[in-house]
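Structure first, commentary second.
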Amino acid sequence: MAVRRAAAKVLQVDAGERLLVEAAQKDPAKFADLYEVYFARIYAFIARRSGDRNAAEDLTSEVFHKALANLRSYQWRGVPFGAWLLRIAANALADHFKRAAREVPGGDDHADTSRKAEQEELESCARLFRLVDQLPADQRHVVFGRFVEQRSIREIAQQLGRSEGAVKQLQLRALQKLRVQMERARA
């Protein structure tokens, strides 16, 4: 019975988010609601990786600008809207570090190596977001819940109305698939 209530609650949250997205697609002025919900998460994601408050503010603004500009093309696939925003943020960070690497002539070799490592990490992160988006819906939900929302196996099992073992199996299969695809991308 508790599993059904938890699943119903998740469906209500997903439905509410979906309604917000659909409303914003019809009337861009309603995008402000989505901005309020996701601003802190996107800013924190960017600030942690950029290490620069000004850059984080600029990139966060860029992410929401791109999201608003492309909102009409957004399609609901059962994954939280935040995943789409995080993918845009990862791509914006990768672009930012590419631009920064081009703008610094000469410079310190250690700083260049560090910047290149950060850039490669961000490009890898952006690639990973794209690959997660291609996973089957249940696997995508588990990966997003575990690693983005940092939920427990038990919470995700309740959301999906499945056993904890089934969620662990979904997670294992998703991670194996992502690992293979990431290795292919590196080769």
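One line per residue, one yes/no per condition, for (1) charged (D, E, K, R); (2) over 28 Å from GLN75 (Cβ atoms); (3) at pLDDT below 80:
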position	(1), (2), (3)
ALA90	no, no, no
GLU123	yes, no, yes
LEU131	no, no, no
ASP138	yes, no, no
ARG146	yes, no, no
GLU149	yes, no, yes
LEU160	no, no, no
SER163	no, yes, no
LEU175	no, no, no
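Selection of segment 18-54 for residues being touching a residue at least 40 places away in the same chain (Cβ under 8 Å) and buried (at least 18 other Cβ atoms within 10 Å of the Cβ) yields VAL21, ALA24, PHE31, LEU34, TYR38, ILE42, PHE45, ILE46, ARG49, SER50. Among the residues of segment 122-152, the one identified as more than 13 Å from the chain's Cα centre (by Cα) and among the basic types (Lys, Arg) is ARG151.
Among the criteria (1) at pLDDT below 75; (2) buried (at least 16 other Cβ atoms within 10 Å of the Cβ); (3) farther than 18 Å from GLY51 by Cα, the one ARG102 does not fulfil is (2).
Listed here are the residues, each with its yes/no results for (1) among the acidic types (Asp, Glu); (2) touching a Phe, Trp or Tyr at 6+ places or on another chain (Cβ under 7 Å); (3) assigned by TED's automatic domain parsing to the domain that holds GLN150; (4) under 17 Å from CYS125 (Cα atoms).
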site: SER50; (1), (2), (3), (4): no, no, no, yes
site: LYS66; (1), (2), (3), (4): no, no, no, no
site: LEU71; (1), (2), (3), (4): no, yes, no, no
site: ALA90; (1), (2), (3), (4): no, yes, no, yes
site: ASP95; (1), (2), (3), (4): yes, no, no, yes
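The values are calculated or read from the model by the stated rules, or taken from the named source; none is laboratory data. Keep in mind that this is a model prediction, so the values were computed, not measured. Because the Cβ atoms are built from the backbone with ideal geometry, glycine has one as well, and the counts that use them run over all protein chains shown.
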